[in-house]
Amino acid sequence: MIESPARREHPYQPSTRASEGWAVVAFAGLVGIVLAATTQAANATVTAPAEPRPSVSPRLSAATQAELMSDVLPASPPITITDPVTDGASALSDAARQDVQAAVDRLADESDLRMFVVYIESFDGTEPVDWANASSNQSGLGTEDLLLAIATVDGEFGLSAPSNVPLTTAELGAIDDAVAAAIEDEQWAPAAVDAADTVRQSTQATTGPLLVAGIVVGGLLLLAALGYVGWRFAGQRLLQRLARLTSASPASGGPTPDELAGQSLTELDERAAAALVGIDDALKTCEQELGFARAELGADATRDFELILARAAGDVRQAFAIRQELDDAAAHADEASGADEAGRAPDETGSEPDAAGSQPEDAARRTRLAEVIALCDSAADTLDARTRAFDDLRRLQQRAPELLADVDAREPEVAGRVSAARATLEQLAERYPESTLAMVSGNPEQAELLLVNAKEAVGAGRSALEAGQKAVAVAHARGAQNALGQAVMLLDAVDAIATHLEEAAGRLDKSIASLTQDVVAARAVTGDFRVTLARTAAQASLKHVEMTREGGDPLAGLQRIAAAEASLDAALAGTRDDTEVAARASALLRDTLRRVDEQLRQTSDFVATRRGAIGSAARTRLAEAARLADAARSHQPADPTAALGEAQRANKLVQEAARLAREDADAVVTAAVEAHPDSGAGEENGPITGGMLLGGILLDPNVVRTRKRATTARIGGGFGGGGFGGGRPEALRRLGTVRAWWPASAR
């Protein structure tokens, strides 16, 4: 007998082929048990269902909601489902309706699923499944709810089912076939009865002896395989194999590199912008929810979640910093391109300039945009990982009545502040120009709308509790809490700007005196053209501030004086010793940071309370301004001059952020006016429908469920505040025209 060379080279190594096979068997057995147990849990019988959830936007009529959400809803108006059986076409007799109701009840009693049936006359040319999905979304149906819509005149039907419904494609096809057969014969009641019975039978078929046999066989295979592999190999080798298998699948809900590679640069840019807006909204909501939890439970109970939020916020700050770098690079490229275009003679051939040189820049930009998206997804994953733990901590389902009662009790106090805020703004308007108050002039009206929304949410939450719908009650409680919190923020901002303007008027005198001394010192320096220019500009600034002091903006005056003083200090630095230069830089730095902090607070409040209208550019400038302000503070002890430069850059960016944020809000109003020029007080909600919609707490993308499109997991920014979670808005960021109140003076 001739031995194989391989066996002679390694006489003490056993064959691994059989062992590898047993490892695969072990893994398969483990997967089988997990799948079987999961299936058993998924098909556990639940108690009788509660009434259907109310609409996610109870303030608006069905027609108005369809108009506002035109990007995600079909043209034919959907309806809000309030009963398990809705006969809008008078297709059922009393007996037939009882048969349908009995079939729906049987399904609810014997499975986790619920079915709602709607009869209408026509879908008006809309795809039946799209109409059904739209009505399901509008009604806030849960992830275990199905909606069967039947149009009697059209002879068509649409079935809306959640994307994770425990029914196979074949079982859904069987339901479609059963309904279609009955509708062909115009048997309207049997169509719904057959659908509900088919669903019930399908869910029952997934349990039984086969499941038990699967668990037993899987367990035996697993025990046998583990024993064999443990005997032949060290456990570490098997763990390494399983670790490699696990790492082969993506753990994040973010996009894959291949998916990003298939997108154009413009699409990638838009995706990064949407990701930034979504995760920024999520952070703001999480911060608000964490504040509620801290007030309810104490700082010790929420410390872990504060660390989680800080970690996610770090990723978001880094993402915004990258976006700011890209925006700066694009701005510089545009400037260089403009200068080049001005100095270049026209091309007689009419051909475009060679674009090959831009390809490396495009590749670098793609890489950086992918980093932005990855950082946003990392932050979302960080938050999402603690969503359930945070909800368990707050015990919202058990405490929903308490939360609703708390909002109801606090609402009158907050409402009483609205008239006081209006009076404060009227007094300020007599002393300061409109532009000074532009960031807060709409706050009382927006707060008033939020309070109305909060009261409606409390009422809807209590109705949901009476119907046994605890999850729906929690959503409304969260919405009411967030609406009330935003209202308080808006009213606090009015009080804050009144205080800030009064302090600014007092500081203006000191700033004028300081700059006047510098001008006198500069006159003693002769022969230095730079000093002469800086002194002349400072004198002009002093004259302008003095002329506009009465009825002018003290904040703008402080800005102008500070800029002139910084320029003059830089020109005179060569005539002063290092100690004096550092002391003056430190003093000017403190003054600049004080103004930056106030502007950051004011602009942050504006964005947070109007997040439904604010885009990524304003948020990027705001984040970069905050980063530079922090950097200036950290560098102040060692290098106050360098820190002053960072603070001045932050000052410029926060002003730009405020301007962009106001422009975004103005654009929303302009679009609303153009779309509805005849809107008046006779409408259901009048000409103003801001409130939760403008505040970014109206629509929860998690209720968008369809067999054609997977859900989007934007937990942090949906209706009811969304809780402690991340944000991936992607397809559902733009919800149509937001009709928001905004004063004419700020347009």
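Throughout, read-outs are computed from the coordinates displayed, never taken from laboratory work. Computed from a prediction, not measured in an experiment: that's the story for all the values here. All Cβ positions, glycine included, derive from the backbone under ideal geometry; neighbour counts span all protein chains shown.
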For ASP176 and THR548 in the same chain, what is the full-extension length gain: residue separation times 0.36 nm, less their Cα-Cα distance, in nm?
126.5 nm
Need one number: % antiparallel among DSSP beta bridges in the stretch 62-205, to the nearest 5.
35 percent
log₁₀ of I(q)/I(0) at q = 0.13 Å⁻¹ - the stretch 62-205, Debye sum with one point per alpha carbon:
-0.51
Tell me which lysines have Cα within less than 28 Å of LYS455's Cα, excluding those fewer than 8 residues away on the same chain?
LYS284, LYS470
Karplus (6.51, -1.76, 1.60) ³J(HN,Hα), θ = phi - 60°, over the stretch 578-595, in Hz, Gly and Pro reported as x:
4, 5, 5, 4, 5, 5, 5, 5, 5, 5, 5, 5, 4, 5, 5, 5, 4, 5
LYS510: which lysines have alpha carbons under 18 Å from its alpha carbon, excluding same-chain residues fewer than 8 sequence positions away?
LYS543
What ranking do 188-196, 326-334 get when scored by the average of other Cβ atoms within 10 Å per residue, highest first?
188-196, 326-334
Around TYR119: net Lys/Arg minus Asp/Glu count, Cβ-Cβ under 11 Å:
-1
The summed charge of the ALA195 Cβ neighbourhood (under 11 Å; Lys/Arg +1, Asp/Glu -1) stands at -3
Taking 8 Å as the Cα distance limit and 6 or more residues as the minimum spacing, I'd like the relative contact order of the stretch 129-196 as a percentage.
27 percent
How do the peptides 437-446, 466-475 rank, highest first, by the average count of neighbouring beta carbon atoms within 10 Å per residue?
437-446, 466-475
Tell me, how many Å apart are the Cα centres for the stretch 476-530 and for the stretch 282-316?
29 Å
Counting only residues 5 or more places away or on other chains, whose amide H sits under 5 Å from the amide H of PHE123 once H atoms are built in the peptide plane?
ASP154
In nm, what is the difference between 0.36 nm times the number of residues separating GLU121 and ARG388 and their Cα-Cα distance?
91.8 nm
